[in-house]
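Asker: One structure is given below, represented as C-alpha cells, and several questions about it will come after.
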Amino acid sequence: MKFSASRKKIAFVWLVSGLIFSVLASLASMFYWDYTYLPEPNVEWQPINDLVGMVILLPFGLLLSVAMPWGWVSLVGLLAALWLKDIRPIAFSLLGSIYFGFEWPKWFVGLMGI
C-alpha cells in the first residue's frame, strides 16, 4: 500500500509535522529540566523563565540543526519522501525533529548566554 502525495504536500507535511513535534518535545524537555533543576545559591534563574523565547526562536534552531546529525536525519527523511513521492519516510524525519526538540532548550540557554 502506497501513500502517494504531491511533492508540495510532502514538503508541507514535513515542515508542519516537524515544527509541531519539535515544539512538543521542547516543551517536555523544558518542563523536565525545570522540575529537576537545582539552582546555585546565588542564582535566581530557572529554566522555565525562558520558555516563551525558546519557543519563538525554535525555527531558527531548526535551521542550526542542519549542522548536526539529527538535522541530517530529518533531511534524509524529507529527501526520501520527495524522491519516492511517498509520505511514509516523513516518520523517519520526525525522529530527528523529536531529538532536536529534546536538545533545543539547552542549546537555547547556551546560545543566549544565560
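Asker: Working carefully through the options 62, 15, 38, find the one that is under 18 Å from residue 112 (Cβ atoms) and among the aliphatic types (A, V, I, L, M).
Answerer: Exactly one residue qualifies, and that residue is 62.
Asker: What helices (runs of 4 or more DSSP H) lie completely within the stretch 52-114 and have 2 or more residues being surrounded by 13 or more Cβ atoms within 10 Å (Cβ to Cβ), within 11 Å of the chain's Cα centre (by Cα) and among the aromatic types (Phe, Trp, Tyr)?
Answerer: Per the criteria, 90-112.
Asker: Then there's this: List the number of the failed condition for residue 38; all other conditions in (1) farther than 20 Å from residue 17 by Cα; (2) under 15 Å from the mean Cα position of the chain (by Cα); (3) not basic (Lys, Arg) hold.
Answerer: Failing condition for residue 38: (2).
Asker: Sticking with this structure for a sec: So, in the stretch 81-114, exactly how many residues are among the hydrophobic types (A, V, I, L, M, F, W, C), over 11 Å from residue 14 (Cα atoms) and out of contact with any Asp or Glu (no Cβ under 8 Å at 6 or more places or on another chain)?
Answerer: Residues in the stretch 81-114 being among the hydrophobic types (A, V, I, L, M, F, W, C), over 11 Å from residue 14 (Cα atoms) and out of contact with any Asp or Glu (no Cβ under 8 Å at 6 or more places or on another chain): 9 in total.
Asker: Count, please, the residues in the stretch 35-47 that happen to be closer than 17 Å to residue 106 by Cα and either surrounded by 15 or more Cβ atoms within 10 Å (Cβ to Cβ) or of a type in the set (S, T, N, Q) (or both).
Answerer: 3
Asker: Does the stretch 27-37 contain any residue that is under 19 Å from residue 76 (Cβ atoms) and free of Cβ contacts under 8 Å to residues at least 12 places away in the same chain?
Answerer: No.
Asker: Right, residue 43: in a helix (DSSP H, G or I) and among the β-branched types (Val, Ile, Thr) or not?
Answerer: no
Asker: Right, next: Among the residues of the stretch 74-97, which ones are in contact with a Ser or Thr (Cβ under 7 Å, 6 or more places away or on another chain) and farther than 18 Å from residue 5 by Cα?
Answerer: Hits for the stretch 74-97 are 74, 96, 97.
Asker: Just the residues that are of a type in the set (Phe, Trp, Tyr) and farther than 20 Å from residue 98 by Cβ, please, taken from the stretch 31-61.
Answerer: 37, 45
Asker: Would it be correct to say that residue 21 is free of Cβ contacts under 8 Å to residues at least 60 places away in the same chain and either part of a helix (DSSP H, G or I) or basic (Lys, Arg) (or both)?
Answerer: So residue 21 does not fit the description; no.
Asker: Quick test of your reading of the structure: residue 6 fulfils all but one of (1) in contact (Cβ under 8 Å) with a residue 40 or more places away in the chain; (2) under 18 Å from residue 60 (Cβ atoms); (3) surrounded by fewer than 11 Cβ atoms within 10 Å (Cβ to Cβ). Name the failing condition by number.
Answerer: All conditions are met except number (2).
Quick note: the coordinates plus some simple rules give every number you see, no bench work behind them. No experiment lies behind these values; they were computed from the predicted model shown. Neighbour counts are summed over all protein chains in view; Cβ atoms, including those assigned to glycine, are modelled from backbone coordinates with ideal geometry.
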